[in-house]
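Structure, as structure tokens:
Where a number appears in this text, it was derived from the coordinates with a stated rule and is not lab data. The structure displayed is predicted, hence computed values, not measured ones. Note that each Cβ is placed from the backbone with ideal geometry, even for glycine, and that neighbours are counted across all protein chains shown.
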Amino acid sequence: MSFSSSFRKSSCLSRRSRSLAKTAALATVSPTVNQPEISSSSSWPPPSPPAEGEEEGQSWSTMLPELLGEIMERVEASEDQWPQRQNVVTCACVCKKWREAMREIVRASSPGSGKITFPSCLKQPGPSDFPNHCIIKRCKKNSTFYLFLSLTPSFTDKGKFLLAARRYRHGAHIEYIISLDADDLSQSSNAYVGKLSSDFLGTNFTIYDSQPPHSGAKPSSSRTSRRFASKRISPQVPAGNFEVGKVSYKFNLLKSRGPRRMVCSVKCPLPEERADKHLDDSKAKIAEGAAPGLAILKNKAPRWHEHLQCWCLNFHGRVTVASVKNFQLAATVDPSQPGGKGDEEKVLLQFGKVGDDTFTMDYRSPLSPYLAFAICLTSFGTKLACE
Amino acid sequence: MLLSKNSALESKDNEIFEVEESIAIQSELIKTMTTMVNSKAYVNERNQMVPEARCRKQANYHVEQNNKIVDEELSDWESKFFEVDMDDLHELFMAANYLEIESLLNGVTKRVGDFIKACKNVEVIRQTFGINNDFAAQQEEEIRKLNSWNHI
């Protein structure tokens, strides 16, 4: 049976018009003649009947992509949250057809939802309407930080593992290597996704991405990136590190006893941008000249609480332990908003302590989970403290 | 039961089924055909025989049961109806898609989705559905990375 030549993508025609087309074609067929394709007034070629004894097309493995899409769509819709979302990823690992079908479904489903499905989603913008809740766990023993997507409101439940980062010192220079694999945190690893580097005092940080943030981006040439030979997965993707953000800390000069000031400028991913170029085949087009917009974020100034004698920010219950590391970032420049103007009342990234080694991280569009994590790491790295 | 017109449907292997019209038109394809060719008595069609019989059975049951029984019994009946092997499920899926019977298609895709969820890993899915791993060596590395990240 060769349905493959007969069916068009169901996205092009509604079910009703498919019926009409099939009917028009079939009405002209004589019942005694077994002709596979008869031209008719319809532009839809009629479906050909299975040839006698032919097995091809009669099994799951030879199913048409659009029919497979029907099944993938239902799986994706029903496995909306982690841990069930594992099944969506598993489907994408079965074979080429299943991978393509599932990635297409995920791509098309709920734009603006900031749903995390594949690792590539970690470099896509978060949700537009409400922040995603995450937990960061610190392990002082091995200088490692783990990022999880919260699955319950409890601060003691970890959730879905997203990224890990390990702090390394190179002389006067400190780096955090960020990876998809909690057990393999090196720049030469296949799971390497980027890094954060800082000066000695931790006042200026640079965020790097292992993948180009937009087409035509050039990798930075820094000493460390030339020191290793990275394993290239795809020859189309240049090796190296691409600068995607800067974070700086300053003492609050106006109120000398106040909390430090943070300024971040980051290249936020555009919603349609697909950062996971590794898994795209060579036929996929990369958006020309689509440089992601630069966002400028500043921390919201806490208010001095005379009665409690401390600086206070309203973390809405998501931060429960006072710490100089806690912050809320809002945008002064936001490329995702009309005119690029940021809403200084809208908190795009919130970070704070809830336990000895447990912190919450809440982020939303235009920040991606990767950028949010890197910015939060700077809070651990800076040595500027309140006086 | 009200008397209603019957449609005669011929399947690819020339077997003729007499089906109540109200049931026959649950298939969008047949509904369109009867509208267009204006021939309620005899409609030409090609299809596989076995799924045809199953479709008719199911459609028939649906109409009767909608009138009589509660949802619980219907869903029990449906679970039993879909307890078939992968090959039969495949035929049901292809027939439901060809005949464009929404309710049957929903039932089959749900069942297939349940199968997928029950397979806890990629290898089991491949075995259940008879699918070969056709990733290139270069892609295998990425898939392995994806698989190892895919945990809680």
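Data overview
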quantity	calculated
Proportion of all alpha-carbon pairs of the range A:87-230 beyond 28 Å (%)	29
Computed Rg/Rh of the range A:65-109, alpha carbon atoms with Kirkwood Rh	0.92
Chain lengthening between B:Ser103 and B:Asp134 when straightened (0.36 nm per residue, less Cα-Cα)	7.8 nm
Ranking of B:Val122, A:Val88 by count of other Cβ atoms within 10 Å, fewest first	B:Val122, A:Val88
Net length gained if the chain between A:Lys246 and A:His316 were fully extended (0.36 nm per residue, minus Cα distance)	22.4 nm
At R0 = 41 Å, FRET efficiency that the Cβ-Cβ distance of A:Val324 and B:Asn121 yields, to 0.05	0.35
Calculated from backbone phi, Karplus (6.51, -1.76, 1.60) coupling profile of the range A:244-252 in Hz, x at Gly/Pro	10, x, 9, 10, 9, 10, 9, 5, 7
P(r) histogram, all alpha-carbon pairs of the range A:142-213 included - 5 Å bins from 0, percent	3, 16, 22, 22, 17, 12, 7, 2, 0
Residues A:Thr62, A:Thr320, sorted so that the one with the fewest Cβ neighbours within 10 Å comes first	A:Thr320, A:Thr62
Order of A:Tyr363, B:Tyr98, A:Tyr168 under a 10 Å beta carbon neighbour criterion, fewest first	A:Tyr168, B:Tyr98, A:Tyr363
For the range A:55-143, the fraction of alpha-carbon pairs in successive 10 Å shells from zero, as %	15, 41, 25, 13, 5, 1, 0
Amide hydrogen neighbours beyond the local backbone of A:Ser220, cut-off 5 Å, H modeled	A:Asn241, A:Phe242, A:Glu243
